[in-house]
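The values are calculated or read from the model by the stated rules, or taken from the named source; none is laboratory data. Just so it is clear, the structure is predicted and the values come from calculations on it, not from any experiment. Cβ placement follows ideal geometry from the backbone for every residue including glycine, while neighbour counts extend to all protein chains displayed.
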Amino acid sequence: MLNRKEIWKKYFSFQGRIDLLEYRRRFMYLNGAYLFGVVILSALLLPLHFVNLLDDLLISIFVSLFLILYQFLFSWLVIVISVKRLHDVNKSGYWIFVTLVPVL
């Protein structure tokens, strides 16, 4: 059983390396969890839209903030596993910023 420090180091820290198989496995799990969360959230919010409960400003703000935090968490995890994979191929984690440059 992993304690909190080990979980933090394994999933949220930029330090360390992961091999190709572990990278693919984590990426697949993250995409599955993200898709599952979006489907569940859509299943919860769609009926609220039809009964006009989403017209309330407070509920709309809450849903928007939740979606922003949800997206930020999954983006962070994808960046972490990508940096760890870069470390495994002996590249600096700063190479992740190359993905921000548009391809011409």
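Could you please let me know if residue 75 is surrounded by fewer than 14 Cβ atoms within 10 Å (Cβ to Cβ), part of a helix (DSSP H, G or I), small (Gly, Ala, Ser) and at pLDDT 80 or above? Before the answer, list the steps.
Numbers: surrounded by fewer than 14 Cβ atoms within 10 Å (Cβ to Cβ): yes; part of a helix (DSSP H, G or I): yes; small (Gly, Ala, Ser): yes; at pLDDT 80 or above: yes.
So residue 75 fits the description; yes.
Of everything in segment 88-104 that is assigned to a loop (DSSP other than H, G, I, E, B), loosely packed, with under 10 Cβ neighbours inside 10 Å and of a type outside the set (A, V, I, L, M, F, W, C), the residue that is modelled with the lowest pLDDT is 102. In the condition set (1) among the charged types (D, E, K, R); (2) at pLDDT below 90; (3) surrounded by 11 or more Cβ atoms within 10 Å (Cβ to Cβ), residue 55 is compliant with all but (3).
Can you confirm whether residue 12 is closer than 20 Å to residue 79 by Cα, modelled with pLDDT of 75 or more, loosely packed, with under 14 Cβ neighbours inside 10 Å and of a type in the set (A, V, I, L, M, F, W, C)? Answer is yes for this residue.
Looking at 23, 29, 34, can you tell me which residue is in a helix (DSSP H, G or I), aromatic (Phe, Trp, Tyr), in contact (Cβ under 8 Å) with a residue 60 or more places away in the chain and surrounded by 11 or more Cβ atoms within 10 Å (Cβ to Cβ)?
Result of the check over 23, 29, 34: 23.
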